[in-house]
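Here's the structure we're looking at; comments come further down.
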Amino acid sequence: MREHKDPRLGHVLYQETLDNGLNVYLLPKPGFQQTFATFTTHYGSVDSTFRTGGDEDFITVPDGIAHFLEHKMFESEHGDVFRDFARHGASANAYTTFDITSYLFSSTQDVYENLEILLDFVQDPYFTDENVAKEKGIIAQEIRMYDDNPDTRVFYGLLKALYHVHPVRMDIAGTVESIQRIDKETLYRCYRTFYHPSNMVLFAVGGFDPESAMDVIRTNQARKSFSEMPRIERDRPKEPPSVNHPRAEARLAVHQPRCLIGWKDPDPMPAGPQILERELVTGVVLDVLFGRSSDLFDELIGEGLIDQQFSWEYERTPEYGYSVVGGNTPDPDALAERIERHLERARNEGLDAEAFERCRRKSIGRFMAALDSPSYIARHFASYLFRGADLFQTVEILERLTLADADRRLREHLLPERRAVSVVLPKQA
């Protein structure tokens, strides 16, 4: 194992690449009772068109298949995986995003037994015609439930407004129609393509001995055989830099309208540390402009134009990026106009230096506090790793961030021509 010591953060990260290509990262936290482990594949909902080395043509699989596959992995030929974890005092879960699928457990006991269970069930798929058909009904019900959820509808409405053709505009779960086209053969095809150990990362953080944990992982993987890793080519349609539609609207049975305003990053970025740098500078800019300590937040709250749910976020991968601001509001059009006026003034005058410094320091403090949360570290580490970035460089990047960097980012990103608005309004009587 290689040791990566970080005196600034006071930890030692252990790393080893196994013979089958699996990257293992272990971060012991002396004195911590809880351990949190994730087993993550670089495969998400946007990976719908791909080919491997032996394929002449690209294939396109139904939308929602990565999420469907995540659901099916918990069904084992040998019994209930959740029960296996529970016997060893662990809580298990999984999630699918646009670019990864992650399986996880947390426990305060039997860490090594739980690591074995995690590795074994993810590396032992069990799909039949019967259990696939059953899952279609379960996921279709989930999709219909989210179709009636105003927060989900306003978010995906915004992505469809921002993006013309990129698959990030599609719901991670797919549609009721798309999942009907999923069968066990397609599931196995996607599993064999994307669940090879060399396309995955195992990460554990918390109260365990790294040498003992690595011995368990090595032994577990050595008794399994894997085919050679397929060369994966992901195909993406060329996304125009412009937004697709300036406004999206839906009507649901809600009392209070929802409004999200988003700005599209039109430029692809190569995987690397610049992904994290872009995210951190954008986050500071958004916090200065729209955070709870901003003048605008106080004004909008005082006027009743927003409530405490008002928030911002930024997402950046090598292929796409977007900022989002918004929440509940009685008047979406008035809120969108106030935000644009606020941005126009900021673009002309620049960000307030004192507010910038306060938000930059707050970001450092928030990250340092998060290092005491195994859950936070585990959920973010692999995601950044697949994007070519190192989560633990956060403080170093924030410390060298300048007001000029933030002003430049504001003026290149938060522009009217890159903006779209998504609203969910109450149904008309």
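Taking Gly89, Gly206, Gly283 as the candidate residues, the one with maximal mean-square fluctuation in a Gaussian network model of the chain, Cα springs under 10 Å, is Gly89.
Within the set of other residues whose C-beta is less than 10 Å from the C-beta of Pro28, count the net charge using Lys and Arg as +1 and Asp and Glu as -1. Here the count lands on -1. Mind pulling the angle between the C-alpha long axis of helix 210-222 and the longest principal axis of the chain? Nearest 10 degrees, somewhere in 0 to 90. That works out to roughly 60 degrees. Dividing the mean sequence gap of close Cα pairs (under 8 Å, 6+ apart) by how many residues segment 140-184 holds gives a relative contact order of 43 percent. For segment 41-119, the set of GluC sites (Glu not before Pro) satisfying both a DSSP loop assignment and a count of at most 10 other C-beta atoms within 10 Å is given as Glu56, Glu77. Comparing Ser102, Ser293, Ser212 in a Gaussian network model of the chain, where Cα atoms under 10 Å apart are tied by springs, the biggest mean-square fluctuation is seen for Ser212. Candidate values (1) 22.4; (2) 24.0; (3) 23.3 were compared with Kirkwood radius over Cα pairs in Å computed on the shown model; the agreeing label is (3).
The C-alpha atoms of the chain define a longest principal axis, and helix 374-386 lies at about 90 degrees to it. Against the main long axis of the alpha-carbon atoms of the chain, helix 111-122 sits at an angle near 90°.
Among the trypsin sites (Lys or Arg not before Pro) within segment 176-259, which fall in a DSSP loop and have no more than 15 other Cβ atoms within 10 Å of their own Cβ? Counting only loop positions with at most 15 other Cβ atoms within 10 Å, the trypsin sites (Lys or Arg not before Pro) in segment 176-259 are Arg181, Arg223, Lys224, Arg231, Lys238.
Residue pairs exceeding 32 angstrom between C-alpha atoms, taken from Lys134/Lys238; Lys238/Lys427; Lys29/Lys362; Lys5/Lys362; Lys5/Lys238: Lys134/Lys238; Lys238/Lys427; Lys5/Lys238.
Separation of segment 100-173 and segment 216-293, taken as the distance between their Cα centroids, equals 16 angstrom. In a DSSP loop and with at most 14 other Cβ atoms within 10 Å, there are no GluC sites (Glu not before Pro) in segment 373-429. Across the chain, C-alpha contacts under 8 Å between residues 6 or more apart give a mean separation that, scaled by the residue count, equals a relative contact order of 21 percent.
Taking a Cβ cut-off of under 12 Å around Tyr191, the surrounding Lys, Arg, Asp and Glu residues balance to a net charge of +1, with basic ones at +1 and acidic ones at -1.
Take every pair of alpha-carbon atoms less than 8 Å apart whose residues are at least six positions apart; their mean separation over the length of segment 296-389 yields a relative contact order of 19 percent. Summing charges over neighbours of Ile59, with a neighbour being any other residue whose Cβ is under 12 Å away from its Cβ, gives -4 when K and R count +1 and D and E count -1.
None of the figures in this text is laboratory data; all of them are computed from the coordinates on show. Everything numeric in this text was worked out from a predicted model, so none of it was measured. Here Cβ is always computed from backbone atoms with ideal geometry, including for glycine, and neighbour counts include all displayed protein chains.
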